[in-house]
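Taking it in order: structure first as structure tokens, then the write-up.
The values are calculated or read from the model by the stated rules, or taken from the named source; none is laboratory data. Please read all numbers here as calculations on a predicted model, not as lab measurements. Cβ sites come from the backbone with ideal geometry, for glycine too, and all protein chains shown count toward neighbours.
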Amino acid sequence: MQLKPIKETKNLSFYIPDADHEEEHFFVSEGIAAGFPSPADDFLETRISLDKTLVRNKEATFYAKVRGQSMIDANLDDGDLLVVDKSIEPAHDKIAVCFIDGEFTVKRLKVEKETVFLMPANKDYEPIEVTRENNFAIWGIVTHVIKKL
């Protein structure tokens, strides 16, 4: 999977898949032993395309790289790559990429009656209440996170 950068912001960097460079990689579908090693030579012929595995709706999917620490308790760390689907309906408790007052952010949605809060997953950050005065849009719902170890 190769990505084309399309936009840099303070909190997120946005990418789209490069359809000219779809790739498949070796995949060990039987699982990897975390204890004693097991022979894996029998499984090397299986291949996987990360694009096909992680993306349900190709036309509505984009990628964003996390900047900052506001979602670390949700296992979203600085530098993680998010797979974001714009076709999924936003709902309470979903993690979303949002645009608010000129900035992009990734937060968990909290819906109470007719009020939406953008909830960080780090006690050092405050929730953001979305009001009618905010310029607000939900850009997509996070479906997967790709981490660098």
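Go through ILE128, ILE141 for me and flag whichever is at pLDDT 95 or above, within 20 Å of LYS52 (Cα to Cα) and among the hydrophobic types (A, V, I, L, M, F, W, C). Being at pLDDT 95 or above, within 20 Å of LYS52 (Cα to Cα) and among the hydrophobic types (A, V, I, L, M, F, W, C) holds for just one of ILE128, ILE141, which is ILE141. State whether the residues of region 123-146 include one that is part of a loop (DSSP other than H, G, I, E, B), within 19 Å of the chain's Cα centre (by Cα) and surrounded by fewer than 18 Cβ atoms within 10 Å (Cβ to Cβ). No.
Looking only at region 104-144, which residues are of a type in the set (A, V, I, L, M, F, W, C), farther than 17 Å from VAL66 by Cβ and out of contact with any strand residue (DSSP E or B) (no Cβ under 6 Å at 6 or more places or on another chain)? Result: VAL111, single match. Just wondering, is there one or more residues in region 11-24 that are closer than 12 Å to LYS65 by Cα, modelled with pLDDT of 80 or more, among the β-branched types (Val, Ile, Thr) and in a loop (DSSP other than H, G, I, E, B)? The answer is no, given that none of the residues of region 11-24 is closer than 12 Å to LYS65 by Cα, modelled with pLDDT of 80 or more, among the β-branched types (Val, Ile, Thr) and in a loop (DSSP other than H, G, I, E, B).
Looking at (1) within 30 Å of LEU50 (Cβ to Cβ); (2) in contact (Cβ under 8 Å) with a residue 24 or more places away in the chain, which one does MET119 not meet, given that it meets all the others? Result: MET119 passes all but (2).
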